[in-house]
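Accompanying notes for the structure given below.
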Amino acid sequence: MRRAAPAVLVLGLALLPLAAIEPRVYLTLTIAGLAMGMLIFLVAAGLTLIFGLMDVLNFAHGALFSWGAYAGFTALVLLNERLGWAEAPSVALNVLLLLVGVAAAMAAGLVLGVVLERVIVRPVYGRHMFQILITLGATIVLEELIRIGWGPNDQVMPVPFTFQGSWDLADVIVLRVPVVAIVLGLGVYAAIAFVLGRTRVGLIVRAGVENGEMVQVLGHNIHRYFTGVFAAGSALAGLGGLMWAIFSQSVRPAMGGEQLIFAFIVVIIGGLGSVTGSLLGSLIVGLSYNYVAFLVPKAAIGVNMALMVVILLLRPAGLFGSGK
Amino acid sequence: MAETLLELDDVHTYIGQHHILQGVTLAARRDAVTVLLGRNGAGKTTTMRTIVGLLQPARGSIRLEGRPIHGLKPYEIARRGIGFVPEGQGIFATLTVDENLRLARLGDDAEAHARLARVLELFPDLERFRAARAGTLSGGQKQMLSIARALVNPNRLLLVDEPSKGLAPIVIEHLVEALRAMKAHATVLLVEQNFAMAQALADDFYLIDDGRTVHHGPMAALVADDALKKRYLGI
């Protein structure tokens, strides 16, 4: 029962607004909330693993999000200008374009993540204050590099034709991009759950989250796994950036920093190091943000902070935290 | 006299600014049980952690079968055939018993699987609770798991730090049996406060005081020497 409590909480929170919102609007908001939750999850999943396994506070995670968005943006713009893949009314070409964008975004996140880990994070393992300072510094540098390369202004993200507009399901308007985001988020969660739960690498990573020293004494080179997790987490941040750019149909150099706040809230709500916790935390944040933004627009961000406070008061280690 | 498997020569270790080991010299004979004795804070656990590479010695040498292992990473030392059963067990509470054992098993060949099966025969409780989370085991079972984990690899040397700490006397009896089984598989270096248990298991002893090895010899000699026991162990 105790293990089911967080899921019950999410369901309860999701159904509560039905009392004040008309069902059709509620459904639209719910889909938007789930999509936003999944997008936050892409960022938070990497963050929670990096924090849980390596005890590293990586504030540069947001900059990797922005870089992923811009890398994907560039790929989509170039392919659309040269070959017209985004405007073509062909599902195959549109999906292919999205996949190329995803690959570009993840590659950008991965490469930058590995460089960050090797060059600036490795010297400050175990020293939180230095980690915060140096990763914040890296964020500033990475964001400025985006301004130099792509300019300081917002730019319009091309959305492949197939994913534009909405489906009309029994009079309920269902936007397509959020559905893609939800499917992608579930896919990523399933992939992470499989790797962590069913493979030897996952076993070592889970053990490392609990006690890294002991994992080494058992003969495993934990640093190799650290780099791998950092790279995977960074690639997910890049993917999150691209999907957010498609969702909001724009890219901005500072977009990562804004999402990072949500991601940190989610990581804390879910429990440090817990991927399932991050998923539920993301859904809670995404749903409550959308419901409250509709009912009391000014309280939208505040309600997430309030939720975090309430959850931490009830469960100080977060929904799925081990209390490390 | 049998040949020496592990040799420490004038090992000095610092933790932060504190000079904890100030000259530990010891030799563990192959296939024997060597026990490290000494008061709390004498440096026994620090010695163990230095051998497995979790702490780096500032001076001195550590050799396994004559080859230096100081300066290597903990995982490299483990792969040389040293198993470690740390104080407080060091098991992974959120993983199942089975996962704890699989994590420890470095090989994946038939021999490695057969060895795991033999270890489980040795500890029927672990076989019974194989799918349970290790955190739900009793203190004694956790200690058995920690020992079993060190036995699933063909380790030449097993370091066991205070296995009886916090366990009920009846559980300690089982533990002594488990450690005897361990002795059949490898050379053992044991840290133990429980003198009766040390006496039951050890062939040789080393006394550590203020970070230095001050006496050593056959266990029987220490058992007979009341003055030495009183001076360094307060018993």
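The values are calculated or read from the model by the stated rules, or taken from the named source; none is laboratory data. None of the values given here were measured: they were computed from a predicted structure. Glycine also receives a Cβ, built like all others from the backbone with ideal geometry; neighbour counts cover every protein chain displayed. Side chains are part of the model used for accessible areas, which takes the heavy atoms of the whole protein and leaves out ligands, DNA and RNA. Shrake-Rupley method; radii C 1.70, N 1.55, O 1.52, S 1.80 Å.
Of note:
- When the residues of segment A:230-254 are filtered to those that are in contact with a helix residue (DSSP H, G or I) (Cβ under 6 Å, 6 or more places away or on another chain) and either of a type in the set (D, E) or surrounded by fewer than 23 Cβ atoms within 10 Å (Cβ to Cβ) (or both), the one that is nearest to A:V275 (Cα to Cα) is A:A231.
- Restricting segment A:195-205 to residues that are open to solvent by 20 Å² or more (accessible area, probe 1.4 Å) and out of contact with any Gly (no Cβ under 8 Å at 6 or more places or on another chain), the residue that is farthest from A:M54 (Cα to Cα): A:R198
- Any hit, segment B:137-150, residues being at pLDDT below 90 and outside any helix (DSSP H, G or I): no
- Each residue in segment B:101-112 was checked for being within 8 Å of another protein chain (Cβ to nearest Cβ) and closer than 10 Å to B:L145 by Cα, and 0 pass.
- Some residue of segment A:52-67 being in contact (Cβ under 8 Å) with a residue 24 or more places away in the chain, part of a loop (DSSP other than H, G, I, E, B) and over 30 Å from A:S274 (Cβ atoms): no
- When B:E87, B:E121 are checked against the criterion of being within 14 Å of chain A (Cβ to nearest Cβ), within 24 Å of B:A32 (Cα to Cα) and open to solvent by 30 Å² or more (accessible area, probe 1.4 Å), B:E87 stands alone in meeting it.
- Residue check, B:R102 in a loop (DSSP other than H, G, I, E, B) and open to solvent by 60 Å² or more (accessible area, probe 1.4 Å): no
- Pairing each residue of segment A:199-211 that is more than 10 Å from B:L95 (Cβ to Cβ) and at the interface with chain B (Cβ under 7 Å from one of its Cβ atoms) with any residue that is among the β-branched types (V, I, T) and in a helix (DSSP H, G or I), provided the two are 6+ apart or on different chains, yields C-beta distances under 9 Å for A:I204/A:V215; A:I204/A:I222.
- Members of segment B:16-36 that are more than 15 Å from B:M48 (Cβ to Cβ) and either of a type in the set (D, E) or buried (at least 24 other Cβ atoms within 10 Å of the Cβ) (or both): B:D31
- Residues satisfying the stated conditions in segment A:82-98, i.e. over 28 Å from A:S234 (Cβ atoms) and part of a helix (DSSP H, G or I): A:R82, A:L83, A:V91, A:A92, A:L93
- Being within 14 Å of another protein chain (Cβ to nearest Cβ) and out of contact with any Ser or Thr (no Cβ under 9 Å at 6 or more places or on another chain) is a condition met by at least one residue of segment B:125-136.
- Qualifying residue in segment B:40-53 (condition: within 14 Å of chain A (Cβ to nearest Cβ) and assigned to a strand (DSSP E or B)): no
- Filter pass, A:L283 being in a helix (DSSP H, G or I) and either within 14 Å of chain B (Cβ to nearest Cβ) or over 25 Å from A:Y26 (Cα atoms) (or both): no
- Among residues of segment A:1-46, those that are over 29 Å from A:L57 (Cα atoms), among the β-branched types (V, I, T) and open to solvent by less than 50 Å² (accessible area, probe 1.4 Å), counted: 4
- Which listed residue, of A:G149, A:G185, A:G219, A:G228, is closer than 19 Å to A:L260 by Cα and either within 14 Å of chain B (Cβ to nearest Cβ) or among the small types (G, A, S) (or both): A:G185
- Against the criterion of being within 11 Å of chain A (Cβ to nearest Cβ), at negative phi and out of contact with any Cys (no Cβ under 9 Å at 6 or more places or on another chain), B:R59 does not qualify.
- Counted residues, segment A:274-320 - those being open to solvent by 30 Å² or more (accessible area, probe 1.4 Å) and small (G, A, S): 5
- Filter result for A:T135 (out of contact with any Leu (no Cβ under 8 Å at 6 or more places or on another chain) and either outside any helix (DSSP H, G or I) or of a type in the set (S, T, Y) (or both)): no
- Set B:A58, B:A78: member being over 22 Å from B:R29 (Cβ atoms), of a type in the set (A, V, I, L, M, F, W, C), touching a residue at least 12 places away in the same chain (Cβ under 8 Å) and not in a loop (DSSP other than H, G, I, E, B): B:A58
- Take the conditions (1) at pLDDT 90 or above; (2) not in a helix (DSSP H, G or I); B:D108 misses just one of them, which is (1).
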